[in-house]
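The values are calculated or read from the model by the stated rules, or taken from the named source; none is laboratory data. These figures come from a predicted structure and were not determined experimentally. Cβ placement follows ideal geometry from the backbone for every residue including glycine, while neighbour counts extend to all protein chains displayed. In case anyone asks, the SASA skips ligands and DNA or RNA and just uses the protein heavy atoms, side chains included. Shrake-Rupley method; radii C 1.70, N 1.55, O 1.52, S 1.80 Å.
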Amino acid sequence: MNRPSLKHFYIKSFGCQMNSYDGERMSELLESQGMKPAKDAETADLVVLNTCHIREKAAEKVYSQIGRLRRPDGSSPMIALAGCVAQAEGAEVLARTKMVDIVVGPQAYHHLPELIEKAAAGKVVDIDMPLESKFDALPERRKVGASAFLTVQEGCDKFCTYCVVPYTRGAEVSRPWSRIIKEAHALVDKGAKEITLLGQNVNGWSGEDEAGRAQGLDGLIRALDKIDGLERIRYTTSHPNDMTDGLIEAHGEVKKLMPFLHLPVQSGSNRILKAMNRAHTTESYLALMNRLKAVRPDIALSGDFIVGFPGETEQDFQETLDLISEVRYSLAFSFAYSPRPGTPAADMIDQIEPEISRERLQRLQALLNQHQFEFNQQTVGRKTAVLIERHGKKEGQMIGKSPWLQSVIVETPVAIGDTVEVVLTDAGPNSVKGQPITIDKLETV
Ligand code: 5AD
Ligand code: SF4
């Protein structure tokens with residue numbers, strides 16, 4: 001790179017796991033260009049804000065973040081605005097703030113090195129969604145943790161009426177089979193024990209294997225299952241209508257596929273689901289959950305919920321609570337509806353008062369938290385494997401994940417990347433403790 005002043009970069013990613021993945025890939029790209037990661041934004045020559053646009057005044061928050069990058073002497077680093085706010089706002093960003101040098105969308109960040117070059121001469125915007133895959137242009141995976149993400153699919157064709165994703169991430173595109181298998185091998189070679197396949201609609205992945213046979217996500221999972229050294233496979237996020245028979249069967253048959261599924265339902269009211277354009281009903285969703293439990297009785301279930309969608313009555317909301325009580329999620333993410341400019345729901349006339357949404361969200365979260373705590377309590381006494389991912393906050397504590405995606409605190413010396421057999425002991429609302437039985441690097445869980 002011909003910019004000797006640009007030595008250190010800092011990337012801050014907001015929002016979903018796909019943004020974390022993109023952040024890692026940008027980091028690898030910049031490192032391949034000779035730049036080094038800075039320890040914070042203050043000491044960086046280039047700051048990349050990898051933004052999220054899914055809810056709440058995201059753009060406003062981004063502008064205040066940008067403002068905070070100004071240094072006491074009035075200078076600022078080169079600033080690249082990436083991610084979904086960049087895609088949605090485009091050149092408008094440059095009209096609103098003088099501080100941003102580069103606006104780059106989620107499908108164009110492989111152009112970062114050229115954009116940095118160009119930015120020396122003037123501001124640049126690249127929010128194209130080129131046909132050429134950014135993945136082909138990115139360098140090989142470098143360093144990864146014990147648990148790594150692998151994007152297999154991007155974009156969404158579902159057009160739920162509240163959601164910006166089809167506009168910011170574009171149409172559904174599946175990465176080719178061979179590239180995914182190659183990247184999975186590279187991740188395992190670099191120390192990953194667990195791979196989480198990512199996609200906005202990951203179970204909509206489709207492709208052809210090396211023999212030219214049509215495959216779905218279940219086929220891909222079965223191929224990854226054969227990789228030596230890979231212990232665990234997960235995938236997120238899925239749409240109920242793309243839960244194929246093959247994928248459900250895989251949950252009963254593939255040992256490395258963890259007994260956990262994040263399957264958003266959003267609402268328990270069929271009337272609201274229709275207005276959301278979800279194209280499934282509570283009944284079809286519950287039937288799926290039951291089929292999954294039949295093939296994998298210990299499967300832990302997770303979901304996303306939106307309260308206060310336009311037109312939601314107390315009765316509709318009550319139906320959501322009823323559905324939650326029936327499924328009993330081990331983990332869940334819940335949000336007050338936030339109108340997103342350009343989406344159909346933002347123009348619906350019967351918007352709900354924010355106070356009502358807030359109050360419903362509190363009731364919903366109280367129930368979800370109670371179930372999560374109960375789930376953790378029920379696992380106490382189970383003997384299971386924990387994949388150690390990081391150091392805990394307290395001296396001597398290590399944190400890992402159980403097969404059911406619980407955070408497990410282990411207070412015995414173990415290393416990151418170890419798979420430790422434990423008995424689960426004390427349960428908290430957000431984690432459980434694990435008492436090691438033997439410390440071993442297990443082949444499988
Ligand atoms: N308002 C509130 N929540 C939303 N989500 C997506 N769009 C909105 C919105 N406009 C939630 C959904 C989705 C999760 C990623 O974010 O629950 O599953
Ligand atoms: Fe958004 Fe998910 Fe619906 Fe696609 S399926 S439009 S990403 S909420």
- prompt: At R142 and K190, where each label point lies 7 Å from the Cα along Cα→Cβ, what is the point-to-point distance in nanometres?
  reply: 0.8 nm
message: What whole-number distance in Å separates the alpha-carbon centres of region 152-178 and region 22-57?
response: 23 Å
- prompt: Based on the Cβ-Cβ distance from D228 to Q351, what FRET efficiency comes out when R0 is 41 Å, to the nearest 0.05?
  reply: 0.15
task: Pull up the DSSP beta bridges for region 8-126 and report the antiparallel fraction as a percent, rounded to 5.
output: 0 percent
- line: In nanometres, the difference between 0.36 nm per residue of separation and the alpha-carbon distance of I437 and E326 is 36.5 nm
task: Quickly work out the E114-to-N290 label distance, labels modelled 7 Å from Cα along the C-beta direction, and quote it in nm with one decimal.
output: 5.5 nm
query: Rounded to the nearest whole Å², what accessible area per residue is found for the chain with the 1.4 Å probe?
result: 44 Å²
task: Could you let me know the centre-to-centre spacing of region 184-262 and region 287-307, using Cα atoms, in angstrom?
output: 17 Å
Protection proxy ranking, peptides 197-209, 384-396, 321-333, average beta carbon neighbours within 10 Å, highest first: 197-209, 321-333, 384-396
query: Using heavy-atom solvent-accessible surface (probe 1.4 Å) with all chains present, what is the largest-first order of I181, I437, I127, I227?
result: I437, I127, I181, I227
message: Keeping all protein chains in place and using 1.4 angstrom, which order do Y63, Y21 fall into by accessible surface area, from largest down?
response: Y63, Y21
- prompt: If R0 is 22 Å, what FRET efficiency do you get for D73 and T97 from their C-beta distance, rounded to 0.05?
  reply: 0.70
query: Counting alpha carbon pairs within less than 8 Å and at least 6 residues apart, what relative contact order, in whole percent, applies to region 8-126?
result: 23 percent
- request: Whenever you get a sec, compute what percent of the accessible area on region 326-366 sits on carbon and sulfur atoms (1.4 Å probe).
  value: 57 percent
- request: Provide the net charge surrounding D157, with neighbours chosen by a C-beta distance below 15 Å and charges set as Lys +1, Arg +1, Asp -1, Glu -1.
  value: 0
- request: Report, in deg cm²/dmol and to the nearest 500, the calculated mean residue ellipticity at 222 nm for the chain, where each DSSP H run with n ≥ 4 adds -39500 (n - 2.57) and the sum is divided by the residue count.
  value: -9500 deg cm²/dmol
task: Can you pull the one-decimal nm distance between simple spin-label points at K394 and D426, each 7 Å off the Cα toward Cβ?
output: 0.6 nm
query: Where Lys and Arg each count +1 and Asp and Glu each count -1, what net charge lies around M289 among other residues with Cβ under 12 Å from its Cβ?
result: +2
- line: Taking the chain and a Cβ-Cβ threshold of 4.7 Å, the cysteines left without a partner are C16, C52, C84, C156
message: For a Förster distance of 25 Å, can you work out the FRET efficiency between the beta-carbons of E374 and A415, rounded to the nearest 0.05?
response: 0.20
- prompt: With point charges of +1 on the Cβ of Lys and Arg and -1 on the Cβ of Asp and Glu, referenced to the Cα centre of region 383-441, which listed residue (I399, L387, P429) lies farthest in the positive direction of the dipole?
  reply: P429
- prompt: What percent antiparallel are the DSSP beta bridges of region 148-378, to the nearest 5?
  reply: 20 percent
statement: Residue separation between Q17 and K61 times 0.36 nm, minus their alpha-carbon distance, gives in nm 13.9 nm
- line: Of the accessible area of region 8-126, computed with a 1.4 Å probe and all protein chains kept, carbon and sulfur make up a percent value of 50 percent
statement: Note on the chain: contact order normalised by length, alpha-carbon pairs under 8 Å, 6 or more apart, percent, works out to 10 percent
Rounded to whole Å, sorted largest first: equivalent-ellipsoid semi-axes of the chain, Cα gyration tensor: 34, 29, 23
query: Over the chain, what is the percentage of antiparallel beta bridges among all DSSP beta bridges, to the nearest 5?
result: 35 percent
task: Averaged over every viewing direction, what's the projected area of the C-alpha convex hull for region 383-441? Give it in nm², one decimal, please.
output: 3.5 nm²
- request: Provide C160, C16, C52 ordered by accessible surface of protein heavy atoms (probe 1.4 Å), highest first.
  value: C16, C52, C160
